[in-house]
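Colleague: Attaching a single structure in structure tokens format; questions to follow.
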Amino acid sequence: MKRGKIRHGGKPIRRSLPHTLSFAMNALSRREEETLLKTVKAQALKECDPFVKDFADCMSGRLISVAWACKDKLKLVEACMVKYTGPEPMEVVRSEYLKLRDQQRETKINNLNDNRTRL
């Protein structure tokens, strides 16, 4: 029996592509994931700028006492950052990125097909 075919009732049946392949088409590469995370973190820092400035002002001139004197301000910064970089917001950003990437691929494929039909 050849690989890639399953005998069922004496008739060869071709296997369909594994579901993992379709998953891989909707997955990000490590480079894409890192770039997306950097972009989201930069945006989060812009959005959380007032909290970051308060925390920086609190830290100014302190060494050891930062741990207890600025703890509340640090928690505000962390909460704000999680609001933009947590699992749920990142999943939204990922899905938007994948939609955009798929649209760009479709456009490229359509352009290639148009060029082939013109020849």
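The values are calculated or read from the model by the stated rules, or taken from the named source; none is laboratory data. Just so it is clear, the structure is predicted and the values come from calculations on it, not from any experiment. So basically every Cβ, Gly included, is an ideal-geometry build from the backbone, and we count neighbours across all protein chains shown. Surface areas here come from the heavy atoms of the whole protein model, side chains and all, with no ligands, DNA or RNA. Shrake-Rupley method; radii C 1.70, N 1.55, O 1.52, S 1.80 Å.
Colleague: Return the only residue of 98, 74 being in a helix (DSSP H, G or I) and touching a Phe, Trp or Tyr at 6+ places or on another chain (Cβ under 9 Å).
Modeller: Exactly one residue qualifies, and that residue is 74.
Colleague: Quick check on the range 59-71: of everything there that is in a helix (DSSP H, G or I) and open to solvent by 80 Å² or more (accessible area, probe 1.4 Å), which residue is nearest to residue 91 (Cα to Cα)?
Modeller: Within the range 59-71, the match that is nearest to residue 91 (Cα to Cα) is 71.
Colleague: Among the residues of the range 25-58, write down those that are at pLDDT 95 or above and assigned to a loop (DSSP other than H, G, I, E, B).
Modeller: 48
Colleague: So, one more: Test residue 106 against the stated conditions and say whether it is surrounded by 11 or more Cβ atoms within 10 Å (Cβ to Cβ), at pLDDT 85 or above and among the charged types (D, E, K, R).
Modeller: The answer is no for residue 106.
Colleague: Residue 117 fails exactly one of the following numbered conditions: (1) exposed (fewer than 14 other Cβ atoms within 10 Å of the Cβ); (2) closer than 19 Å to residue 42 by Cα; (3) β-branched (Val, Ile, Thr). What is the number of that condition?
Modeller: Checking residue 117 against (1) exposed (fewer than 14 other Cβ atoms within 10 Å of the Cβ); (2) closer than 19 Å to residue 42 by Cα; (3) β-branched (Val, Ile, Thr), the one that fails is (2).
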